[in-house]
Amino acid sequence: MKNIRNFSIIAHIDHGKSTLADRIIQECGAVSERELTKQMMDTMDIEKERGITIKAQSVRLDYVKDGEHYILNLIDTPGHVDFSYEVSKSLASSDGALLIVDAAQGVEAQTIANVYLAMDNNLELIPVINKIDLPAADPIKVAEEIETSIGIDATDAVLVSAKTGVGIRELIDAIVERIPAPSGDPKATTKAIIYDSWFDPYLGALALVRVFDGEIKKNQLVKLMSNNEEHQVLDLMYPHPLKRQKTNAIKSGEIGIVVLGLKDVSIVNVGDTITDAKNPTAEPALKYEPAKPFVFAGLYPIDTDKFEELRDALNKLKLNDSSLSYEPETSIALGFGFRVGFLGMLHMEVIKERLEREFDLDLIATAPSVVYHVYLTNGDMVEVQNPSELPSVSQIEKIEEPYVKATVITPSEYLGNVITLLISKRGMQDKMTYLNEDRVMLEYSLPMNEIVVDFYDKLKSISKGYASFDYEPIDFKEGNLVKLDVKVAGEVVDALSIIVPITSAESRGRALVKNMKEIIPRQLFEVAVQASIGSRVIARETVKSMGKNVTAKCYGGDITRKRKLLEKQKEGKKRMKSIGKVNLPQEAFMSVLKMD
Ligand code: GDP
Ligand code: MG
């Protein structure tokens, strides 16, 4: 055990986490140069395309230093905040972490958020300044930023280039010297935490574990403490991106993959503790709390016949992503679909994209919503994830909405813009820190609802792309909120309802109908678009009628031209939903997001 090192890599996106992981793997000789296909650690297609890591990957490596043989267990964490539940379990399984910061970019918002998670787990942090090969690299300035923002000593930061390989050997030596060996009782009964799980088409549900006490043995009857499921261990392996190695036992301090022969991955919960079924440990390694979805949206097939296909597709995705939750939902406007819960905005985009791409489904997504705690006059509390389901005003005592702690790092020249934006999003300043004369770190509390509604894009545009942002959900606070409904041709379109602060309801209503007016294609008749609170109409626009039938132009003329035109219209209809007599394109459902 004294020669094992368990460590994670944490970083802001694009600071080089995956490249560095590949480089460490290569340096330890676990794969040859030829096998080192670019970005080995990012395996999913979407991950490769977007350059993000969604599923954590781990690898067990051998390393010899001064004649001593070491086992290095590298845990690649997903960098994005949406996946902070997984990040925190990976960190709980580690004894130290490499904190990667880009030498040209400096500390960014995700760097800070990840450090907070690492500190919660009392991890030994090794600051690593990457990309020192870049002409714009300024390692001294970056080391100072690390000290100012995080308050850790960065004088012994390791300087590396994951691209050229400079400093990698020194880094591995630092891992061996500075990260503590695992502690734990090898003689106690089995206690291991599941820090990742997924479905393998050949082996079934797999659990990636870190063993704290005792060991997990082949054929052992083990128990999953969150659900009391008991299963036999069919096989055990050490993780490796190319060739997993089988073993008869995963011992105290080690990480490994447990094969339980289960068809259903939802039994194998990330964050759960595995123990011996006959002689269970008294306390779990971690208190188990399931991953909580924070953002909800309705997903509806454009073609109503595809409802069952959408259900199958969601089922399949859920096999590999237990954080995905969904239940059937009906909308008067959109028909049959699902209300789907996501960990955050990126998670939502990735799922929607996979449904469309891998399962060939055309979907309409409603505007994302957060979860509201609605206290009723009869004393009950209901959780509302779908704005159209908000009880009527007379039944409501008060509404509480979720808040986040947001970290923004910006060049000081955009500070004014950024603060103005944060205030317009109902933000309250907790802290402002100058990292140096040209960069500032802001910490704000603000309603989560304000960041699911085009916050990130705005932040990027007012800072010419330079400000970075990260957040962490904190608690619920009372808000003065109302439901804003949209009527098209006199009918309320339930899928367009949103919950907004009362103070901005009118301006949002006006902006919304104006937007809708631009988006709704002209019909044969005039269409009224109204925004209302209860029965009170607060804004109204009219979509003028088309005048003449488009096909009329072709009368008596060229028949192929007419057919082409009809085909084109059919094509256009693909992403439309008819509301009464009016066809609404997908943009209409997202227009509630774009407020000005
Ligand atoms: P991640 O998002 O933290 O996993 O970052 P990646 O490993 O995907 O790297 C982001 C980008 O930075 C990629 O284009 C890499 O090729 C590049 N990169 C990573 N390390 C270095 C480095 O040391 N020097 C230079 N010049 N580029 C690097
Ligand atoms: Mg990556």
Notebook entry, point to check: Within the range 294-305, is there a residue that is more than 14 Å from the chain's Cα centre (by Cα) and assigned to a loop (DSSP other than H, G, I, E, B)?
Noted result: yes
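Tell me the residue from Q530, Q523 that is among the polar types (S, T, N, Q) and at pLDDT below 90, please.
Numbers: Q530 fails: at pLDDT below 90.
From the options Q530, Q523, the qualifying one is Q523.
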Next item on the list: Could you please find all residues in the range 52-62 being assigned to a strand (DSSP E or B) and either within 16 Å of ligand 1 (Cβ to nearest atom) or at pLDDT below 90 (or both)?
Entry: Q57, S58, V59
Check: I129: touching a residue at least 40 places away in the same chain (Cβ under 8 Å), within 24 Å of Q26 (Cα to Cα) and open to solvent by less than 20 Å² (accessible area, probe 1.4 Å), yes or no?
Finding: no
Margin query: What's the number of the only condition in (1) of a type in the set (S, T, N, Q); (2) surrounded by fewer than 20 Cβ atoms within 10 Å (Cβ to Cβ); (3) in a loop (DSSP other than H, G, I, E, B) that T148 fails to meet?
Written below: (3)
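Can you say whether A313 is more than 30 Å from I274 (Cβ to Cβ) and touching a residue at least 60 places away in the same chain (Cβ under 8 Å), as far as the supplied structure shows? Before you say what the answer is, go through the steps one by one.
On the way: more than 30 Å from I274 (Cβ to Cβ): yes; touching a residue at least 60 places away in the same chain (Cβ under 8 Å): no.
Spelling it out, it is not the case that A313 is more than 30 Å from I274 (Cβ to Cβ) and touching a residue at least 60 places away in the same chain (Cβ under 8 Å).
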Check: If you take the residues of the range 163-217 that are closer than 15 Å to D235 by Cα and at pLDDT 95 or above, which of them is most open to solvent (accessible area, probe 1.4 Å)?
Finding: K217
Next item on the list: Check P135 against each of (1) free of Cβ contacts under 8 Å to residues at least 24 places away in the same chain; (2) within 15 Å of ligand 1 (Cβ to nearest atom); (3) within 26 Å of the chain's Cα centre (by Cα) and name the one condition it does not meet.
Entry: (3)
Check: Identify, please: which residue in the range 432-448 is closer than 27 Å to L481 by Cβ and of a type outside the set (G, A, S) and is, among those, surrounded by the fewest Cβ atoms within 10 Å (Cβ to Cβ)?
Finding: E443
Checklist line | Odd one out for I274, checked against (1) assigned to a loop (DSSP other than H, G, I, E, B); (2) over 30 Å from V404 (Cβ atoms); (3) of a type in the set (A, V, I, L, M) | finding: (1)
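Out of everything in the range 533-562 that is of a type in the set (V, I, T) and at pLDDT 80 or above, what residue ends up being farthest from L484 (Cα to Cα)? Don't jump to the end; show me each part of the working.
Our first condition is that a residue be of a type in the set (V, I, T); within the range 533-562, this holds for 533, 537-538, 542-543, 550-551, 559-560.
Add one more test, that the residue is at pLDDT 80 or above, and what stays is 533, 537-538, 542-543.
On the way: I533: 5, V537: 10, I538: 9, T542: 18, V543: 20 Å.
Only one residue fits best here, namely V543.
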Notebook entry, point to check: If I423 satisfies every condition in (1) β-branched (V, I, T); (2) closer than 27 Å to V393 by Cα; (3) assigned to a helix (DSSP H, G or I); (4) outside the structural domain of A531 (by TED's automatic domain parsing) but one, which is the exception?
Noted result: (2)
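For a quick check of your reading: which strands (runs of 3 or more DSSP E) sit entirely within the range 63-145 and have at least 2 residues that are acidic (D, E)? Please lay out each step first, then the result.
Numbers: elements: 68-76, 96-102, 124-130.
Counting at least 2 such residues, we get 68-76.
When you scan the range 328-378 for strands (runs of 3 or more DSSP E) that lie fully inside it, which ones turn up with 3 or more residues that are modelled with pLDDT of 90 or more and surrounded by 20 or more Cβ atoms within 10 Å (Cβ to Cβ)? Let's see the steps before the verdict.
On the way: elements: 335-342, 363-365, 372-376.
In the range 328-378, the matching strands (runs of 3 or more DSSP E) lie at 335-342.
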Next item on the list: Kindly establish whether M237 is within 19 Å of I75 (Cα to Cα) and open to solvent by 10 Å² or more (accessible area, probe 1.4 Å).
Entry: yes
Notebook entry, point to check: Of the numbered conditions (1) of a type outside the set (G, A, S); (2) open to solvent by 10 Å² or more (accessible area, probe 1.4 Å); (3) in contact (Cβ under 8 Å) with a residue 12 or more places away in the chain, I423 satisfies every one except a single condition; which is it?
Noted result: (3)
Notebook entry, point to check: Which of the residues belonging to the range 219-234 are open to solvent by 80 Å² or more (accessible area, probe 1.4 Å) and either in contact with an Asp or Glu (Cβ under 9 Å, 6 or more places away or on another chain) or touching a residue at least 24 places away in the same chain (Cβ under 8 Å) (or both)?
Noted result: E230, Q232, L234
Next item on the list: Any chance you could count how many residues in the range 152-196 are in contact with a helix residue (DSSP H, G or I) (Cβ under 6 Å, 6 or more places away or on another chain) and part of a strand (DSSP E or B)?
Entry: 3
Check: In the range 1-42, which residues are modelled with pLDDT under 80 and within 11 Å of ligand 2 (Cβ to nearest atom)?
Finding: Q39, M40, M41, D42
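The values are calculated or read from the model by the stated rules, or taken from the named source; none is laboratory data. Since we're looking at a predicted model, the values are computed, not measured. Quick reminder, even Gly has a Cβ in these numbers, built from the backbone with ideal geometry, and neighbours come from all protein chains shown. What goes into the accessible areas is simple: the full protein's heavy atoms, side chains included, and nothing from ligands, DNA or RNA. Shrake-Rupley method; radii C 1.70, N 1.55, O 1.52, S 1.80 Å.
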